[in-house]
Structure formats: structure tokens, C-alpha cells
Amino acid sequence: MAEDFPMPPLNSLPQAAAVEQGKASVDFIVQDLQRRFPSYSTERVLLIDGIKQKMELIENGQVSQTWVISVAQKGLGSLKGSEQTPTGVHRIAQKIGAGAELGTIFKARQNTGRIAEILTGADERSTGDNVTTRILWLAGMEPNVNKGGNVDSYERYIYIHGTDEEGRLGQGASHGCIRMKNQDVIDLFDLVSEDTLVVITPN
């Protein structure tokens, strides 16, 4: 007769350990932001994982929502002209596009009045790198990392925005910005305010 082995404690299981590790990471990030940027609220913080291609909304120290996103096809980096997504701490400097119809195409942050065809197939490609529906324009908070000189995220026009290539989400696809589903970026736009802190990490 096979010997019965007791079930290991819940906190020893890989999933539980991952959850605990994730909570510790969130706590560390929030505490670090409070220490380094005390004049900014940490009630709501956006955390973007540039490797896993996901974004989390942290509310009062807890992950409340998660979205699939796309960062740059060329990976992570802050140099002007690199077409990479910058890392580090940012803030939402401007919110643009309130009330625009889902799929609205923006050029130079202006509503063109045109509506994009939303492509949902993994192999479908748009004719342009369209910015659609809403724009959250990011400004870097860390000098020489994403602020000032040739690494300035704001001057690089780094946005969180909707895309007409929704089928490519979950993999690197942009020219530096953070892409979202159009309905997702509408939902996010309504949840966050200007000066919300945004942390972009490589893991």
C-alpha cells in the first residue's frame, strides 16, 4: 500500500510563493516611490512589465487590474531615435482624447475625425503606426534615465495609447510607445489622472 504523504503547507507551493513575491515587489515599488517622489500620490500607480508585455494598476498597494500591452518592437531603452520603450519612473503629463469615438485616429495629438479599422489577427498589419482612441503622454521623472538630454521621454513623445493592431498585443510591436486595446485604454483613461506615476520595468 502506497504511503500517504502530507500536503505541503500552502505557503510552500510555487503559486503561493509567486503571489507572495509579487506582493513584496509591489510593496517595494510603492515604498520606493513614496521615498523618492513624496509630493506625488501613490494611491494609484501603473506598473508596466516590458518583458511580459503587461500593465498593472496598483490601487492602495494592491493590484486591481491587469492589461495585455505591447512595448517597442526593438525592446527597452531611453535614447532618442532608438525606437525603444524607456524604463524607469514616469508620470502622466497629459491626457488627450476624452470623449473621442473608439478607434479615432490622432495625428500629432490632434483628432483627425477618422476611425481606424481595428485589426485583431496576429498577422494583420496596419498601413501606419496609428495612435488611436486615447493618449496618455508620459514625462520621465529620473534625470539622465528618462528625463533631459537625449533620453527625455516627453520630448520623445512616449504615450500609452490605443492601437489598430490589437492582434499584435502581447509582443513587442510599437516604435517606443505602450500600446493597448482601444476599450482598455478608454477604461484606463477614466481611472487615472494627470500626475499618476508610471513605472516601466524590464521584469
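The values are calculated or read from the model by the stated rules, or taken from the named source; none is laboratory data. Since we're looking at a predicted model, the values are computed, not measured. FYI the Cβ positions are ideal-geometry reconstructions off the backbone, even for glycines, and counts take in every protein chain you see.
Could you list, in sequence order, all residues of the stretch 129-145 that are touching a residue at least 40 places away in the same chain (Cβ under 8 Å) and farther than 27 Å from D164 by Cα?
Initial filter on the stretch 129-145 (touching a residue at least 40 places away in the same chain (Cβ under 8 Å)): 129, 131-142, 145.
Correct list: M141, E142, V145.
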Yes/no for A98 being among the hydrophobic types (A, V, I, L, M, F, W, C), in contact with a Leu (Cβ under 9 Å, 6 or more places away or on another chain) and either more than 18 Å from A173 (Cα to Cα) or at pLDDT below 95 (or both): no
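Might you let me know whether the stretch 134-142 holds any residue that is over 19 Å from D187 (Cα atoms), in contact with a His (Cβ under 9 Å, 6 or more places away or on another chain) and not in a strand (DSSP E or B)?
First, pick out the residues of the stretch 134-142 that are over 19 Å from D187 (Cα atoms): 139-142.
Now narrow it down to the ones that are in contact with a His (Cβ under 9 Å, 6 or more places away or on another chain): 139-142.
Filter once more, keeping what is not in a strand (DSSP E or B): 141-142.
Looking through the stretch 134-142, at least one residue is over 19 Å from D187 (Cα atoms), in contact with a His (Cβ under 9 Å, 6 or more places away or on another chain) and not in a strand (DSSP E or B).
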- request: Could you grab me the full set of residues in the stretch 52-85 that are in a loop (DSSP other than H, G, I, E, B), in contact (Cβ under 8 Å) with a residue 24 or more places away in the chain and polar (S, T, N, Q)?
  value: Q53, Q73, S78, S82, Q84
- request: Please identify the pairs in which a residue from the stretch 34-51 that is more than 19 Å from E194 (Cβ to Cβ) has its Cβ atom under 6 Å from the Cβ atom of a residue that is loosely packed, with under 13 Cβ neighbours inside 10 Å and polar (S, T, N, Q), counting only partners at least 6 apart or on another chain.
  value: I51/N203
task: Please find, within the stretch 50-76, the residue that is nearest to the chain's Cα centre (by Cα) out of those that are surrounded by fewer than 19 Cβ atoms within 10 Å (Cβ to Cβ) and on the phi > 0 side of the Ramachandran plot.
output: G75
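Per-residue answers, yes or no, for (1) among the aliphatic types (A, V, I, L, M); (2) under 20 Å from the mean Cα position of the chain (by Cα); (3) within 26 Å of V26 (Cα to Cα); (4) modelled with pLDDT of 95 or more:
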residue: L119; (1), (2), (3), (4): yes, no, no, yes
residue: S126; (1), (2), (3), (4): no, no, no, no
residue: T163; (1), (2), (3), (4): no, yes, no, yes
residue: E166; (1), (2), (3), (4): no, yes, no, yes
residue: L169; (1), (2), (3), (4): yes, yes, yes, yes
residue: K181; (1), (2), (3), (4): no, yes, yes, yes
residue: V198; (1), (2), (3), (4): yes, yes, yes, yes
query: Which one of the conditions (1) in contact (Cβ under 8 Å) with a residue 60 or more places away in the chain; (2) on the phi > 0 side of the Ramachandran plot does G148 fail to meet, given that it meets all the rest?
result: (1)
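Just checking, which of E117, E101, E124, E83 is of a type in the set (D, E) and surrounded by fewer than 12 Cβ atoms within 10 Å (Cβ to Cβ)?
Numbers: E101 fails: surrounded by fewer than 12 Cβ atoms within 10 Å (Cβ to Cβ); E124 fails: surrounded by fewer than 12 Cβ atoms within 10 Å (Cβ to Cβ); E83 fails: surrounded by fewer than 12 Cβ atoms within 10 Å (Cβ to Cβ).
Of E117, E101, E124, E83, the one residue that is of a type in the set (D, E) and surrounded by fewer than 12 Cβ atoms within 10 Å (Cβ to Cβ) is E117.
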